[in-house]
1. Give, as residue ranges, the strands (runs of 3 or more DSSP E) completely inside the range 44-141 that count at least 1 residues that are closer than 30 Å to residue 311 by Cβ, over 18 Å from the mean Cα position of the chain (by Cα) and in contact (Cβ under 8 Å) with a residue 12 or more places away in the chain.
2. Out of the residues in the range 288-305 meeting the condition of being without any contact (Cβ under 8 Å) to a residue 60 or more places away in the chain and in contact with a helix residue (DSSP H, G or I) (Cβ under 8 Å, 6 or more places away or on another chain), tell me which one is surrounded by the most Cβ atoms within 10 Å (Cβ to Cβ).
3. Kindly check whether there is at least one residue in the range 333-341 that is touching a residue at least 60 places away in the same chain (Cβ under 8 Å), assigned to a loop (DSSP other than H, G, I, E, B) and either over 25 Å from the mean Cα position of the chain (by Cα) or closer than 27 Å to residue 103 by Cβ (or both).
4. Does residue 210 satisfy being surrounded by fewer than 24 Cβ atoms within 10 Å (Cβ to Cβ) and touching a strand residue (DSSP E or B) at 6+ places or on another chain (Cβ under 8 Å)?
5. Scan the range 89-122 for residues that are within 21 Å of residue 179 (Cβ to Cβ) and either touching a strand residue (DSSP E or B) at 6+ places or on another chain (Cβ under 6 Å) or surrounded by fewer than 20 Cβ atoms within 10 Å (Cβ to Cβ) (or both) and jot them down.
6. Output the residues belonging to the range 276-302 that are over 16 Å from residue 336 (Cβ atoms) and either assigned to a loop (DSSP other than H, G, I, E, B) or not assigned by TED's automatic domain parsing to the domain that holds residue 195 (or both).
7. For the range 210-220, state whether one or more residues are assigned by TED's automatic domain parsing to the domain that holds residue 275, within 28 Å of residue 75 (Cβ to Cβ) and in contact with a helix residue (DSSP H, G or I) (Cβ under 7 Å, 6 or more places away or on another chain).
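The values are calculated or read from the model by the stated rules, or taken from the named source; none is laboratory data. Model, not experiment: these values are computed from the prediction. Here the Cβ positions follow ideal geometry from the backbone for every residue, glycine too, while neighbour counts run over all protein chains shown.
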């Protein structure tokens, strides 16, 4: 096997001293693979970045963002064709979750505070693989594959020309979706999958005839959850405003409760109890939502509105995690004594889940409608479209309104 140092020196020498394409043969285990170097040295790229946390004016466009490189053999470089902008990006722009993300990026606390800047936002991405690490099996991914992904919040995001991701975080893009359409799906899809499958224990084999309640069913996570659950045969009830009732009924919802007509818990208590409640609303819903579950039947309440990141931001990592542990443990024990399960759901990057979701999209089981999103044409020098996923968030829509260029 060619020594790593010898290979690295040979590769860099070829890259720096020749403008013609260079092909090296690397023996990796029992396989012999060709490794191509570019005929142009790419060290910078255009991107939207922030240099500090704050309001919209901290966002700037630059042509000189650092070009991402592969650091681990299971990573891929993806050229972004369309990127998604979600409310989580607005929150991260203001510093939400900064303490936890800093610990995730640098668990040994080696780097100085602020080393994450310039920070590139953007969780959703659809694009084309440009380069694969040596451990990325060609049977799964190869250069030229069209892929989509939900980027973990501790990594540099998708509002750039290129991004580096683990092969476990990307998936083949649905064939029936354009890059613009695909860029509006992965983050909400991965969040819904994490909440319903990883935390709620649902899947296509055990979901039939289960009664599911989605609180806040007209948002991104809610509308995707509706379609996935209906494809798996569940009975789905949602709460939403009267204006969104037509939307959710068009997705196949069995029962709709209008929360603007009065206290929403009153009509919900008159219904048959549920096997799972997915809470996208938070607030005081915990005080009555768990009473809607079937007791002593393994029923679960899963909320996506948790104080975890807020605790670590306000109290620091150690005290914040301690406070979080005490909170979730006390609530879980309290409700377990009543025969129901209390759980927190969180986004988790999951390429395998996106594989299943891609199949569902191509099979027509999950529909995508551009009327729930819109795209913003970028500056002429910026090579892709940004898709804004939440029309109800004014700050999200204005986030790219007046950036500073440099």
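1. Passing ranges, in order: 44-50, 59-66.
2. This residue is 301.
3. no
4. yes
5. 120, 122 - these are the residues of the range 89-122 that are within 21 Å of residue 179 (Cβ to Cβ) and either touching a strand residue (DSSP E or B) at 6+ places or on another chain (Cβ under 6 Å) or surrounded by fewer than 20 Cβ atoms within 10 Å (Cβ to Cβ) (or both).
6. 280, 281, 282 - these are the residues of the range 276-302 that are over 16 Å from residue 336 (Cβ atoms) and either assigned to a loop (DSSP other than H, G, I, E, B) or not assigned by TED's automatic domain parsing to the domain that holds residue 195 (or both).
7. There is at least one residue in the range 210-220 that is assigned by TED's automatic domain parsing to the domain that holds residue 275, within 28 Å of residue 75 (Cβ to Cβ) and in contact with a helix residue (DSSP H, G or I) (Cβ under 7 Å, 6 or more places away or on another chain).
Matching residues to (1) in the same structural domain as residue 166 (by TED's automatic domain parsing); (2) touching a helix residue (DSSP H, G or I) at 6+ places or on another chain (Cβ under 8 Å); (3) modelled with pLDDT of 95 or more:
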| residue | (1), (2), (3) |
| --- | --- |
| 351 | no, yes, yes |
| 354 | no, yes, yes |
| 359 | no, no, yes |
| 379 | yes, no, no |
| 390 | yes, yes, no |
| 395 | yes, yes, no |
